[in-house]
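Comments concern the structure below.
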Amino acid sequence: YHPLLELCEKRGPLGIEVSGYTLEEIAARDPAWITKARALIAAGKIELIGSGYSQMIGPLVPARVTRENLKLANEVYERLLGVRPRIVLVNEQAYAAGLVPLYREAGYDAMLMDWENAAANHPQWPEATQYLPHYALGPGGERIALLWSNTTLFQQMQRLAHGDTELEAYLSFLRRKHGPGPRTVCLYASDAEIFDFRPGRFRTEARLSEKREWARIDAAFAALPGEGITWTAPAQVLA
């Protein structure tokens, strides 16, 4: 995870989602990572995105369990990183309206969720809906601001990093996201440990011959200003 911090230091502000459990495991093994992450958050290079103590699927457990999961995470975020995140990632993109009051109770102002799964169930939504924040409604009329991630976008970045897509092809894909008026896109909302590292979870994992994947991502990020794309922290999109 050190290359992730280096990317934030060089190209931030970037949003990073991390569970409380992951932070505790990192702190036990590499306290220097925690120290640097805390400094980058204070410097505005990282915006912390919450998720819970573990990345459990909220709709599959009782509300009390989700409530405690979020509470424990906030305690870890404050203890190790000195901040409480404003935005929460919907774990495994498994949404239910009952999550909205639980997120609000835990102090979150907004949630981050995949556009494509939601849009597939709402064909009446205009295509432009994916480019601006909206609100999600809870069962009792509660509401929370909603930012969209995008499965296709994060898959495109994975292919670029793994050398399956050339940089020009990736930039060409992003150019098609331009349009009239203000709009935002979430370029990546998936795992970080898949770059320049193979944890051995799957037999189908490609072998790692050389460590260049983080370098490809950095090169893409360096090219984005020339494409008329401006970085912004996730919370700034809510404005």
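The values are calculated or read from the model by the stated rules, or taken from the named source; none is laboratory data. On a predicted model such as this, the values are computed, not experimentally measured, just so you know. Using ideal geometry, Cβ is built from the backbone for each residue, glycine included, and neighbour counts are taken over all protein chains shown. SASA here: full protein model, heavy atoms, side chains in, ligands and nucleic acids out. Shrake-Rupley method; radii C 1.70, N 1.55, O 1.52, S 1.80 Å.
Each listed q (0.19, 0.20 Å⁻¹) maps to a log10 I(q)/I(0) for segment 103-239, found by the Debye formula over equal Cα scatterers with no solvent: -1.20, -1.26. For segment 114-171, the solvent-accessible area with a 1.4 angstrom probe is 53 square angstrom per residue.
A straight Cα-to-Cα reach below 18 Å connects Lys45 with the aspartates and glutamates Glu6, Glu9, Glu17, Glu78, Asp218, residues fewer than 8 places away in its own chain not being considered.
Taking a straight Cα-Cα cut-off under 19 Å and skipping sequence neighbours fewer than 8 places away in the same chain, the aspartates and glutamates within cross-link reach of Lys177 are Asp114, Glu116, Glu127, Glu166, Glu168, Glu227. Split the accessible area of segment 113-191 by element, probe 1.4 Å, and carbon with sulfur accounts for 52%. In this Cβ point-charge picture (+1 for Lys and Arg, -1 for Asp and Glu), the chain has a dipole of about 180 debye about its Cα centre. Look at (1) 0.95; (2) 1.62; (3) 1.15: the one that is Rg/Rh (Cα atoms, Kirkwood Rh) derived from this structure is (1). Segment 84-127 gives an Rg/Rh value of 1.02, both radii derived from C-alpha positions and Rh following Kirkwood. Segment 1-15 and segment 35-77 have Cα centres spaced 19 Å apart.
Think of a 1.4 Å ball rolled over the protein heavy atoms: segment 1-103 then has 47 Å² of accessible area per residue. Here, segment 23-123 has an Rg and a Dmax of 14.7, 47 Å when only alpha carbons are counted. Of the peptides 96-106, 219-229, the order by per-residue mean of other Cβ atoms within 10 Å, starting with the highest, comes out as 96-106, 219-229. The mean sequence separation of alpha-carbon pairs under 8 Å and at least six residues apart, normalised by the residue count of the chain, gives a relative contact order of 18 percent. In the chain, helices alone account for a calculated mean residue ellipticity at 222 nm of -11500 deg cm²/dmol, with every DSSP H run of four or more residues adding -39,500 (n - 2.57).
Length gained on full extension, Ser190 to Arg67: 41.9 nm, using 0.36 nm per residue less the C-alpha separation. Rounded to the nearest 5, the antiparallel percentage of DSSP beta bridges internal to the chain is 20%.
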